[in-house]
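Let me begin by presenting the structure, written as structure tokens, before commenting on it.
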Amino acid sequence: MTIVVFVGSLLLAMAMGIPIAFSLLASGVALMWHLDLFDAQILAQNVIGGADSFPLLAVPFFMLAGEIMNVGGLSKRIVDFALALVGHVKGGLGYVTIMAGCLLSALSGSAVADAAALTALLLPMMVKAGHDKARAGGLIAATGVIGPVIPPSIGLVIFGVAANVSISKLFLAAIVPGLLIGGALWITWAWLVRREKIVPPPRKSGGEIFTAFRKALWALMLPVIILVGLRMGVFTPTEAAVVAAVYALFVSTVVYRELSWKDLYTVFVGAAKTSAIVMFLIAAAMVSAWLITVADLPSKVVGLLQPFMGNQILLMIAIMVLVMIVGTAMDMTPTILILTPVLMPIVKAAGIDPVYFGVLFIINNSIGLVTPPVGTVLNVVAGVGKISMDDVTRGVVPFMIAEFAVMFLMVLFPWLVTGPARLFHG
């Protein structure tokens with residue numbers, strides 16, 4: 001009955017069109033009434049305590065870094081460098097999209113920011129070159145999914161805080177899985193464009209490639225600084241977010257000089273608005289997280305999953321399918337906040353590595369950003385690229401299937417995640 005009250009009130013509030021943060025509060029209040037625990041003071045304390053977290057400071061700073069990079073020319077120079085490297089091969093603009101997406105993922109950690117930048121920069125070029133607009137839009141949307149996987153990742157930060165798992169270990173463990181997703185997109189694109197009769201542009205000379213590399217060097221240094229700093233223990237993930245924002249601001253205003261001081265106000269306001277939405281979601285979800293613990297919902301879910309508890313792979317498959325279903329109807333952040341306190345006790349009881357589970361959980365939630373009907377990234381690509389939602393959905397299907405295939409491959413072969421994680425973390 002407790003599960004029915006919580007899930008039912010949440011779905012009812014969402015069906016009424018109430019924003020997800022307020023829906024979470026409403027479901028929390030409903031659960032408090034059901035458990036005869038309603039107290040406005042406890043409600044307020046959990047909301048305030050939910051956002052009162054030092055690691056969560058990484059969220060607004062990574063979002064600010066992403067805003068600055070898109071406006072300040074870092075994203076454009078990364079795309080230009082990728083164009084110089086592989087723009088000349090058949091279907092080259094698709095490979096440019098995937099390369100640029102992986103590089104941008106190592107800068108901003110936001111799927112929405114990466115998808116918006118790639119759509120604005122590359123979709124017109126791909127359409128002009130003769131590529132199908134729906135397929136091109138689908139590739140860009142699927143590439144944006146890599147944003148929350150390759151560190152720095154806002155999704156990994158939120159999961160790390162909610163699950164009390166080392167964010168540094170999550171960051172280092174997610175590098176190879178993110179690159180594997182990029183490789184799956186590369187293979188899928190190569191298969192889809194093999195029969196296209198599009199004449200690629202001429203190969204860039206060595207001098208032109210070097211020039212593009214030199215111009216992009218300042219942007220390319222940022223992920224190196226962050227990953228080396230985390231690996232060597234120079235700074236924490238929260239401090240890394242501040243480093244990313246300050247570095248992006250310095251490069252945009254002093255080196256590239258594409259971000260004027262007058263534009264800073266708009267950039268800061270945009271980052272503040274997005275951060276406020278995410279932080280309020282987190283704060284509201286902490287009420288539900290506390291009540292989930294009080295109501296002992298995890299033990300009830302364990303009962304439902306008991307047939308799978310003896311086999312880690314079968315349990316992970318069952319959990320991944322559950323998250324896939326939820327991801328079709330709910331955005332990434334609330335899904336992480338709602339399911340993490342429910343699933344983590346199950347994962348620990350089954351003896352599954354929390355870092356391994358966290359990486360797969362975030363990958364699944366990231367792919368959920370391109371699964372209809374909600375598909376936040378699909379909406380971004382459709383809006384920025386002036387393309388219908390139906391066309392983007394049609395174009396993303398083969399790439400989405402490839403991403404899910406890689407995810408389940410990691411479920412079947414956990415060492416694809418745990419092996420590189422041990423290598424990077426030592």
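Every read-out reported here was derived from the displayed coordinates using simple, explicitly stated rules and does not represent laboratory data. As the structure is a computational prediction, the values presented were derived from the model and not from experiment. Neighbour counts are summed over all protein chains in view; Cβ atoms, including those assigned to glycine, are modelled from backbone coordinates with ideal geometry.
So what's the angle, to the nearest 10 degrees on a 0 to 90 scale, between helix 415-425 and the longest Cα principal axis of the chain? The angle comes out near 80 degrees.
Below 13 angstrom from the Cβ of residue 267, what's the summed charge of the other residues (Lys, Arg +1; Asp, Glu -1)?
Details: positive: 262, 273; negative: 67, 258, 263.
With Lys, Arg at +1 and Asp, Glu at -1, the net is -1.
Sorted largest first, the principal axis extents computed over the alpha-carbon atoms of region 75-135 equal 30, 24, 14 Å.
When the Cα convex hull of region 6-128 is projected onto planes of every orientation, the mean area is 11.0 nm². Note on region 184-328: semi-axes of the ellipsoid equivalent to its C-alpha gyration tensor, largest first and rounded to whole Å, are 41, 29, 17. Only lysine pairs 8 or more places apart, or on different chains, with alpha-carbon atoms under 16 angstrom apart are counted in the chain, and they number 10. For the chain, build the charge dipole from Cβ charges (+1 Lys, Arg; -1 Asp, Glu) around the Cα centre, then report which of 270, 312, 88 sits farthest towards its positive end. Ranked along the dipole, the leading option is 88. Across region 353-394, counting alpha-carbon atoms alone, Rg and Dmax equal 13.2, 43 Å.
Relative to the longest principal axis of the Cα atoms of the chain, the long axis of helix 133-144 makes an angle of roughly 60 degrees. Fully extending the segment from residue 260 to residue 314 would add 14.1 nm, taking 0.36 nm per residue of separation and subtracting the current Cα-Cα distance. Basic side chains Lys and Arg get +1 at the Cβ, acidic Asp and Glu get -1 at the Cβ, and with that the dipole of the chain about its Cα centre reaches some 1440 debye.
Would you mind checking the tilt of helix 154-163 against the longest principal axis of the Cα atoms of the chain, expressed as 0 to 90 degrees and rounded to 10? Helix 154-163 sits roughly 20 degrees off the main axis of the chain. Let me test this: with uniform point scatterers at the alpha carbons of region 210-279, what is the Debye-based log₁₀ I(q)/I(0) at q = 0.18 1/Å? Debye intensities relative to I(0), on a log10 scale: -0.86.
Using the per-residue mean of other Cβ atoms lying within 10 Å as a proxy for protection, in what order, highest first, do the peptides 195-201, 152-158, 352-358, 276-282 fall? Show your work: numbers first, answer last.
Details: 195-201: 10.4, 152-158: 28.9, 352-358: 22.6, 276-282: 18.6.
By packing density, highest mean first, the sequence is 152-158, 352-358, 276-282, 195-201.
Peptides 262-274, 126-138 ranked from most to least packed by the mean count of surrounding Cβ atoms within 10 Å: 126-138, 262-274.
How long is the gain from residue 326 to residue 409 if the chain were fully straight, where each residue apart is worth 0.36 nm and the alpha carbon distance is subtracted?
Extra length from residue 326 to residue 409 when fully extended: 27.8 nm.
Dividing the convex hull volume of the alpha-carbon atoms in region 54-425 by its residue count gives 131 Å³ per residue. Site pair residue 246 and residue 208 shows an inter-label distance of 3.9 nm when each label is modelled 7 Å from Cα along Cα→Cβ.
The label-point distance for residue 221 and residue 199, in a model that sets each label 7 Å from Cα toward Cβ, rounds to 4.1 nm.
A quarter of the convex hull surface defined by the alpha-carbon atoms of region 308-384 gives 4.9 nm² as the mean projection. Calculate I(q)/I(0) for region 74-181 by the Debye formula, one identical point scatterer on each C-alpha and no solvent, and give its log10 at q = 0.19 Å⁻¹ to two decimals. Debye intensities relative to I(0), on a log10 scale: -0.87. Counting Cα-Cα pairs of region 149-224 in 10 Å increments starting at 0 gives whole-percent bin shares of 15, 24, 32, 20, 7, 0.
Would you please put 117-123, 52-58 in order of how densely packed they are, using the mean number of other Cβ atoms within 10 angstrom per residue and starting with the highest?
On the way: 117-123: 23.7, 52-58: 17.4.
Ranking, from highest mean packing down: 117-123, 52-58.
Entry note, the chain: the mean residue ellipticity at 222 nm calculated from DSSP H runs of n ≥ 4, each adding -39500 (n - 2.57), is -25000 deg cm²/dmol after division by the residues and rounding to the nearest 500. Taking a sphere under 14 Å around the Cβ of residue 62 and counting the other residues whose Cβ falls inside, with K and R at +1 and D and E at -1, yields a net charge of -3.
Please work out how much length the chain gains when fully extended from residue 36 to residue 166, using 0.36 nm per residue of separation minus the C-alpha to C-alpha distance, in nm with one decimal.
Numbers: separation 130, 0.36 × 130 = 46.80 nm, distance 3.50 nm.
Answer, rounded to one decimal: 43.3 nm.
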